[in-house]
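These notes concern the structure reproduced below.
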Amino acid sequence: MHSLGKQRILVIGGTSGIGLATAAAAVDAGAAVTIASRNQMKLDAVAAKLGGAVQTRVLDIGDNDLLERFFQKEQAWDHVRVSAAQTKTGPVRGMSLADAAAAMESKFWGAYRVARAARINNGGSLTLISGFVSERPSATAVLQGAINAALEALARGLALELAPVRVNAVSPGMIETPIWDDLPREKRREMFESTAAKLPVRKIGQPDDIAKAVLFLMTTTYATGSTVRVDGGGVIA
């Protein structure tokens, strides 16, 4: 893997889970990392956790005017990684249309706005985070599968439109992140154990697993229009 020394990396949605792991890995690789999030308190906590090795910015990917002003003021980035979505899951007939629209607005249109506004150096990269239900549908996550498939299609199209900027997607399987913290501890443990037993790797993924894939795409200059699946074999299980 090539070094990211002195390269400027923006991690949107980097205060926990996969985003935080990506930011930490990029810092270790020598990059100048900026983490963006809507929540200043979370940004402050992350900056303290990483020992002041990152810069932080308050940014809402739902606010197009704010996004455009941000990117106009900042110098061009070498790499941008987007994963700042909040979506509800559930069957199509069990989810309100308002919640469904909010999920699409957050995960798809948020990434779309970033792609539209971001200034990225030639040869740099934009990486989107999708999810393996784009390929392996679930009866309780139909909308999420459709959104993730749309993100992967967006990445392929943008790889042509934005060239020579490289655009790729990473498709995680089930990852042990704070997104599951609302579940009771025992129920969460049972879910992880049940899922792990069905996977060829016999374990649940960790944020670092996805961070490594993101850094691979940042540093592999021949990769564009690709979706890298890191799901423990979830699609084939």
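The values are calculated or read from the model by the stated rules, or taken from the named source; none is laboratory data. On a predicted model such as this, the values are computed, not experimentally measured, just so you know. Virtual Cβ from ideal backbone geometry, glycine too; neighbours counted across all protein chains shown.
For this structure, a couple of remarks:
- Residue match in region 138-148 (condition: more than 19 Å from Lys73 (Cα to Cα), surrounded by 18 or more Cβ atoms within 10 Å (Cβ to Cβ) and touching a strand residue (DSSP E or B) at 6+ places or on another chain (Cβ under 9 Å)): yes
To keep it simple, each residue is scored yes or no on (1) among the polar types (S, T, N, Q); (2) under 14 Å from the mean Cα position of the chain (by Cα); (3) at pLDDT below 95.
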site	(1), (2), (3)
Val114	no, yes, no
Ala117	no, no, no
Ala139	no, no, yes
Gly157	no, no, no
Arg166	no, no, no
Gly173	no, yes, no
Trp180	no, no, yes
Arg188	no, no, yes
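- Odd one out for Ala139 among (1) in a helix (DSSP H, G or I); (2) closer than 28 Å to Gly205 by Cα: (1)
- Single residue of region 15-31 satisfying the filter (in contact (Cβ under 8 Å) with a residue 60 or more places away in the chain and touching a strand residue (DSSP E or B) at 6+ places or on another chain (Cβ under 6 Å)) that is surrounded by the most Cβ atoms within 10 Å (Cβ to Cβ): Thr22
- Number of the exception - Val46 against (1) in a helix (DSSP H, G or I); (2) within 18 Å of the chain's Cα centre (by Cα); (3) closer than 18 Å to Gly124 by Cβ: (3)
- Taking the criterion of being under 13 Å from Gly13 (Cβ atoms) and surrounded by 16 or more Cβ atoms within 10 Å (Cβ to Cβ), the residues of region 44-59 that qualify are Val46, Thr56, Leu59.
- In region 57-109, residue farthest from Ser171 (Cα to Cα) [restricted to those that are among the polar types (S, T, N, Q) and in contact (Cβ under 8 Å) with a residue 60 or more places away in the chain]: Gln75
- Counting only residues that are assigned to a helix (DSSP H, G or I) and under 25 Å from Val58 (Cβ atoms), region 78-100 holds 0 of them.
- Ile61 being under 20 Å from Ile120 (Cβ atoms), in a loop (DSSP other than H, G, I, E, B) and among the β-branched types (Val, Ile, Thr): yes
- Out of Lys107, Lys73, Lys88, sole residue that is surrounded by 21 or more Cβ atoms within 10 Å (Cβ to Cβ) and out of contact with any Lys or Arg (no Cβ under 6 Å at 6 or more places or on another chain): Lys107
- Residue within region 178-191 that is of a type in the set (Val, Ile, Thr), loosely packed, with under 15 Cβ neighbours inside 10 Å and at negative phi present: yes
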